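Quick notes on the structure that follows.
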Amino acid sequence: MCRRIMTSIGHAVLLGAAFAAVLAVAPVASQTPLQKAERDELAIVAKNDPAMAAAMAKARQTLPEFLALAAAPKPGMDTFSVKVAVREGDAAEYFWIAPFTTKDGSFSGEINNQPRSVHSVKLGQTITFDQSEIVDWMYIDGGKMKGNYTACALLKSASEQEAEAFKKRFGLDCDS
């Protein structure tokens with residue numbers, strides 16, 4: 001069993017990029033992570049992938065600090081986004097939600113990736129979700145991407161050169 005992880009670094013609002021390779025026009029092996037990201041594509045990740053599980057755990061652990069920043073951003077901080085799953089039967093596809101709001105413990109926001117495997121939502125659609133459903137978060141601070149632990153997990157299987165190109169293009173720091 002696999003879970004579909006949409007590890008977008010965004011769509012229109014979030015830099016117009018994603019990560020991975022399920023629906024690629026060219027063969028998967030011929031694309032770098034950067035090329036996959038720029039096409040807003042899917043990654044298929046094993047349900048029990050330890051790197052992805054650790055990434056989601058780290059995102060959940062640091063979520064309170066992220067939500068505090070999102071509620072009162074400092075100058076230079078923007079593009080606050082959270083990632084949640086949309087489920088259809090046994091399938092799950094993960095989407096970046098941006099912008100998002102919170103009210104009385106409930107969250108809502110816009111689907112910010114093109115759906116590929118689930119058909120109950122569409123790009124730009126507003127959905128409602130609970131804090132417990134958030135599996136990742138990210139924001140931009142002075143041109144540097146913070147968070148996005150799921151992308152960092154996926155980059156662990158890329159070559160060092162490809163991972164560095166991806167990080168440089170999106171200002172992603174996977175070491176903090």
Next on the checklist: As an exercise, identify the trypsin sites (Lys or Arg not before Pro) in the stretch 107-176 lying in DSSP coil whose Cβ has no more than 14 other Cβ atoms within 10 Å.
Outcome noted: 122, 156
Next on the checklist: Please compute the modelled spin-label separation between residue 131 and residue 102, points set 7 Å along Cα→Cβ, answer in nm with one decimal.
Outcome noted: 0.5 nm
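No lab work stands behind these numbers, since they all come straight from the coordinates. Remember, it's a predicted structure, so these values are computed and weren't measured experimentally. We place every Cβ from the backbone using ideal geometry, glycine too, and count neighbours over all the protein chains shown.
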